[in-house]
1. State which residue pairs qualify: first residue near the ligand (Cβ under 6 Å from one of its atoms) and at pLDDT 95 or above and inside segment 9-24, second residue of a type in the set (Phe, Trp, Tyr) and not in a helix (DSSP H, G or I) in any location, beta carbons under 6 Å apart, and separation of 6 or more residues or different chains.
2. Can you name the condition, by its number, that Gly246 falls short on among (1) buried (at least 16 other Cβ atoms within 10 Å of the Cβ); (2) at negative phi?
3. Take the conditions free of Cβ contacts under 8 Å to residues at least 24 places away in the same chain and either of a type outside the set (Val, Ile, Thr) or within 16 Å of Ala93 (Cα to Cα) (or both) and apply them to Ala161. Does it pass?
4. If you take the residues of segment 1-22 that are of a type in the set (A, V, I, L, M) and surrounded by fewer than 24 Cβ atoms within 10 Å (Cβ to Cβ), which of them is farthest from Ala117 (Cα to Cα)?
5. Looking at Arg168, Arg180 in this structure, which one is at pLDDT 95 or above and either farther than 30 Å from Leu130 by Cβ or outside any helix (DSSP H, G or I) (or both)?
6. Can you name every one of the strands (runs of 3 or more DSSP E) wholly within segment 27-127 that holds 2 or more residues which are surrounded by fewer than 21 Cβ atoms within 10 Å (Cβ to Cβ)?
7. Are any residues in segment 189-215 in contact with a helix residue (DSSP H, G or I) (Cβ under 8 Å, 6 or more places away or on another chain), touching a residue at least 40 places away in the same chain (Cβ under 8 Å) and closer than 16 Å to Ser95 by Cβ, and if so, which ones?
8. Would you pick out the residues in segment 137-148 that are farther than 14 Å from Ala207 by Cα and more than 9 Å from the ligand (Cβ to nearest atom)?
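The values are calculated or read from the model by the stated rules, or taken from the named source; none is laboratory data. Please read all numbers here as calculations on a predicted model, not as lab measurements. Cβ sites come from the backbone with ideal geometry, for glycine too, and all protein chains shown count toward neighbours.
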Amino acid sequence: MDLKLRGKRALVTGSSRGIGRAIALSLADSKVDVAINYLRNRTRAEETAQEIEARGVRALVLKGNVANPDHVERIFSTIGEEWGGLDIVVSNAASGVLKPARELTMHHFDWAMHINAAALLPITQQFLKLSATEEKILVAVSSLGALRAIPNYTAVGASKAALESMVRHLAAEFAPEGMRINAVSAGTVDTDALLHFPNREELLESARARTPAGRLVHPQDVANVVVFLCTEYASMIHGQTLIIDGGYSILA
Ligand SMILES: NC(=O)c1ccc[n+]([C@@H]2O[C@H](COP(=O)([O-])OP(=O)(O)OC[C@H]3O[C@@H](n4cnc5c(N)ncnc54)[C@H](OP(=O)(O)O)[C@@H]3O)[C@@H](O)[C@H]2O)c1
């Protein structure tokens, strides 16, 4: 099936590793140029960029903290200078302190809110500015913690709930300007992010055991749905959060 994405230009935030990397490589497989964004680890970002170029498309490597609106502005202005515009943004970068709520400080809470939710605002504004006259696709990456109570996940879960709400509000406001915004929400995926969970092994085992589809979600499962949302086959899906969890969340 021709996904008709050839020649499009994408930015994937937090794409040096994990789920963002799988999304970036899948877009490159569909002949999309991809700008890789990262925060600290340039080596991983450059490795991903090399894999993108090996697929015959262009890559950019852009350091920047998505929680800092000046960094976001710089990322978009660099893309504008290098590529002259942008067609797709995947807002994937996330961070957060995983602790029982009793131990969370307001700094921890603000950290998660800024990176995981508030960052979508300057990202959307810069995207609108850079690609004013083109069709624009934006996909945000959320998690089941937006809807469900997960141990140690209070701050991140609340930030993902805010993110999904923002997706609905922004989708309604900017659809008339040619922007289509959706989110994907994943079940447990075994990436570096899980190394920060105090109960990682238990989390992986219980997710595996409880998932009707019989396995954990892989980064590629998430990437496949993001790519679908970027195609014209999804042109009437606006403001939704598609859940990719092998059926985990449908169980009582
Ligand atoms: N893993 C899961 O079980 C799971 C489940 C559901 C949803 N998700 C969501 O999927 C997305 C990706 O998660 P992941 O597990 O792949 O994460 P990960 O392996 O921890 O990778 C995080 C990526 O984001 C970058 N990053 C972190 N903070 C950033 C910031 N402030 N500005 C720019 N880039 C930043 C990191 O760059 P550096 O390497 O340079 O720090 C890295 O590329 C997140 O939105 C997460 O909430 C994950």
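1. Close Cβ pairs satisfying both conditions: Ser16/Tyr38.
2. Looking at each condition in turn, Gly246 falls short on (2).
3. Criteria met by Ala161.
4. Met1
5. After ruling out the rest, the residue left standing is Arg180.
6. 59-63
7. Matches in segment 189-215: Val189, Thr191, Asp192, Ala193, Phe197.
8. Matches in segment 137-148: Ile137, Leu138, Val139, Ala146, Leu147.
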